[in-house]
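**Student:** So that we are looking at the same thing, I have put the structure below in structure tokens.
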Amino acid sequence: MIDFKKVVGGLLVQQRNVSVLSKKQLKFVSEKKPLPEEIESMLFAWKVAKHTKSNAIVIAKGEKTVGISGGQTARVDAVNFALEKAGKRAKGAVLSSDGFFPFKDSIEIAAKAGISAIIEPGGSVNDKHVIEEANAQKIALVFTGIRNFRH
């Protein structure tokens, strides 16, 4: 399936993402491994983020979205906005991002809010620093290898 979007001076054409992410595809990259219930929650948050306008950030507990942000121009702003929406419900929740984190700042912000696990595509030239920050903050970090940009 193909999506078409009118833009000034042209047309944006992109394949609709119909992929389904399974546990088998997950790459556990941090020292802390997610609990089974965190994995289920991350897979749920991943689905919601896939259908949210990029830069998408979804905060979830179980199969309930408690904070969401889409359409922001900067990923760190999207993280801040989603965490603001989640409020105290962010503590012990998981975070999903439709694109990789290019810097460790989003991990630091998520840790301060009490996020326990993060799922994101990986693939940044700074993945090593992001993983190091997740380890320092004792957050489980999972890479999917799949970017879900929706414009």
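The values are calculated or read from the model by the stated rules, or taken from the named source; none is laboratory data. These numbers come from a predicted model, not from an experiment. Cβ sites come from the backbone with ideal geometry, for glycine too, and all protein chains shown count toward neighbours.
**Student:** Find the strands (runs of 3 or more DSSP E) located wholly in segment 6-72 whose residues include 2 or more that are small (Gly, Ala, Ser) and crowded, with 21+ Cβ neighbours inside 10 Å, and list them.
**Tutor:** The strands (runs of 3 or more DSSP E) meeting that bar are 64-69.
**Student:** Of all residues in segment 73-121, how many are charged (D, E, K, R), crowded, with 19+ Cβ neighbours inside 10 Å and under 17 Å from Ser41 (Cα atoms)?
**Tutor:** So the answer is 2.
**Student:** I need the full set of residues from segment 122-151 which are at pLDDT 95 or above and either crowded, with 21+ Cβ neighbours inside 10 Å or acidic (Asp, Glu) (or both), in order please.
**Tutor:** Asp127, Val130, Glu132, Glu133, Ala134, Ile139, Ala140, Leu141, Val142, Phe143, Thr144
**Student:** May I pose another question? Does segment 52-69 hold any residues that are under 28 Å from Pro36 (Cβ atoms) and not hydrophobic (A, V, I, L, M, F, W, C), and which are they? Spell out how you get there, then give the answer.
**Tutor:** Within segment 52-69, the subset under 28 Å from Pro36 (Cβ atoms) is 52, 56-69.
Selection gives Thr52, Lys61, Gly62, Glu63, Lys64, Thr65, Gly67, Ser69.
**Student:** Going residue by residue through segment 12-19, is there one that turns out to be of a type in the set (S, T, N, Q) and touching a strand residue (DSSP E or B) at 6+ places or on another chain (Cβ under 9 Å)?
**Tutor:** Looking only at segment 12-19, we keep the residues that are of a type in the set (S, T, N, Q), and these are 14-15, 17, 19.
When the remaining residues are screened for being touching a strand residue (DSSP E or B) at 6+ places or on another chain (Cβ under 9 Å), the result is 14-15.
Yes, some residue in segment 12-19 is of a type in the set (S, T, N, Q) and touching a strand residue (DSSP E or B) at 6+ places or on another chain (Cβ under 9 Å).
**Student:** I've got another one for you. Any residue at all in segment 61-82 that's in contact (Cβ under 8 Å) with a residue 60 or more places away in the chain and within 22 Å of Leu26 (Cα to Cα)?
**Tutor:** No, the conditions are met nowhere in segment 61-82.
**Student:** Could you list, in sequence order, the residues of segment 80-137 that are among the acidic types (Asp, Glu) and either part of a helix (DSSP H, G or I) or touching a helix residue (DSSP H, G or I) at 6+ places or on another chain (Cβ under 6 Å) (or both)?
**Tutor:** Initial filter on segment 80-137 (among the acidic types (Asp, Glu)): 84, 98, 105, 108, 120, 127, 132-133.
Passing the criteria: Glu84, Asp98, Asp105, Glu108, Asp127, Glu132, Glu133.
**Student:** Counting only residues that are in contact (Cβ under 8 Å) with a residue 60 or more places away in the chain and closer than 20 Å to Gly87 by Cα, which one in segment 119-151 is nearest to the chain's Cα centre (by Cα)?
**Tutor:** Ile119
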